[in-house]
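Taking it in order: structure first as structure tokens, then the write-up.
Computed from the coordinates by the stated procedures, all read-outs in this text should not be read as laboratory data. In this text, all values refer to a predicted model and were calculated from it rather than measured experimentally. Note that each Cβ is placed from the backbone with ideal geometry, even for glycine, and that neighbours are counted across all protein chains shown.
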Amino acid sequence: MLLRHCLALSIAAALFASTLRGAAAQDYPSRPIRLVVAFTAGGTTDFVARLLAERLRTSLGQSVVVENKPGANGAIAAEYVAKSEADGHTLFLTTVGAVAINPALRSNLAYDPIRDFAPVGLAVFNTTMLVVNASMPVNSARELAALARERPGAITIGITGLGAISHLGLELFQAAAGVKFQAVPYRGASQAVTDLLGGQLDGLFGDVPTVITQVKAGKLKALAATAKERSEIFPEVPTFVEQGFPDTIANQWAGTLAPARTAPAVIAKLNAAFNGALTDAELRGKLLRAGVTPSPTSPEEFARYLAEEIARWGRLIREKGIKGD
């Protein structure tokens, strides 16, 4: 009798909780949503966030405010969102660094990218490309690798920070080609592009939004893309894999996370809203012109991809003994 009574109470409690979650999702959102970005205003991720915020305002019926919290390769923003109330009103538009690279790069993180977040969906890919000054006497990654064998350690390649995705892409290329470049770390890409144009650098690993203008103007040559498939924006640029350098895949990406324990119905509503924005023809065109490729997914697909990225970059960072800034 007691067992049946306890079971009945458990079922009633579960049904009550389910009803509350359903009601919460129906009423969601009940106030403005904060979309947290781990970078200062004006950068690529901030640009993506503001475009999405404008479109989400219409589909969700509430204003979406972009909140910039830069620092520590995204750790400050990640911790802030992880500790926020799990009601869907504080979201994190994160890049690969904060949630897939930081866990292996930083030992003192105050958040766990799997335990503390609920994936909403992938948003965009920023393909990373290897570019060189237009005067460099090479036209492919294979030719640059051959030149590096003749001049080991003498060819300078810019990266946008130690432990950044550009740094990891360079490490993968060096390992696949069996060569050694001189890595030159920068804090961001703008000065690196300036030095590359001025001849102080031989090459640069930079994402498409960083180099799109100079490549299209013919001032820089794009030798290879660090993606599985050619970029929709630069379909003429072959991938490293196509050129015989397997596993040289190092995508910059952005995706949306909510605090863990956010109701599944709220996650589903957010995923539909974000995917609706990313497939909108006008918004899609704006993103592509800026150099980023819309890449909507389900929450489950993003969760699998995130786990794969965490494992992959963790292995590389440990094998190479890479330290962050």
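Taking a point 7 Å out from the Cα of Glu67 in the direction of its Cβ, the residues of the range 257-291 whose backbone N falls within less than 19 Å of it are 257-263, 267, 270. Here r is the Cβ-Cβ distance between Arg261 and Gln200 and R0 is 41 Å; the resulting FRET efficiency, rounded to 0.05, is 0.25.
The slack between Ser59 and Arg284, meaning 0.36 nm per residue of separation minus the straight C-alpha distance, is 79.4 nm. Highest GNM mean-square fluctuation among Ala224, Ala311, Ala118, for the chain modelled with Cα contacts below 10 Å: Ala311.
Under 25 Å of direct C-alpha separation, and excluding same-chain neighbours fewer than eight residues apart, Lys83 reaches these lysines: Lys69, Lys269. Taken about its Cα centre, the range 128-225 carries a charge dipole of roughly 100 debye when the Cβ of each Lys and Arg holds +1 and the Cβ of each Asp and Glu holds -1.
What FRET efficiency comes out for the pair Gln26/Arg50, r = Cβ-Cβ distance, R0 = 25 Å, nearest 0.05? Each step should come with its number before you reach the end.
Details: r = 28 Å, r/R0 = 1.13.
E between Gln26 and Arg50, to the nearest 0.05, is 0.35.
In the chain, taking the dipole from charged Cβ atoms about the Cα centre, the farthest positive-side position among Phe47, Ser231, Leu130 is held by Phe47. In the chain, helical runs assigned H by DSSP with n ≥ 4 each contribute -39500 (n - 2.57); averaged across all residues and rounded to the nearest 500, the mean residue ellipticity at 222 nm is -14000 deg cm²/dmol. Full extension of the chain between Gln191 and Ala217 yields a length gain of 7.5 nm, computed as 0.36 nm times the residue separation minus the alpha carbon distance. In whole Å, what is the distance between the alpha-carbon centres of the range 30-90 and the range 218-257? Result: 27 Å between the Cα centres.
Read through the labelled values [x] 36, 22, 18; [y] 41, 21, 16; [z] 30, 23, 19 and report the label of the one computed as semi-axes √(5λ) of the Cα gyration tensor in Å from the structure. Only one listed value fits the structure, namely [y].
Relative to its Kirkwood radius, the Cα radius of gyration of the range 128-225 gives an Rg/Rh of 0.92. Between Glu150 and Glu232, the contour length at 0.36 nm per residue exceeds the Cα-Cα span by 26.1 nm.
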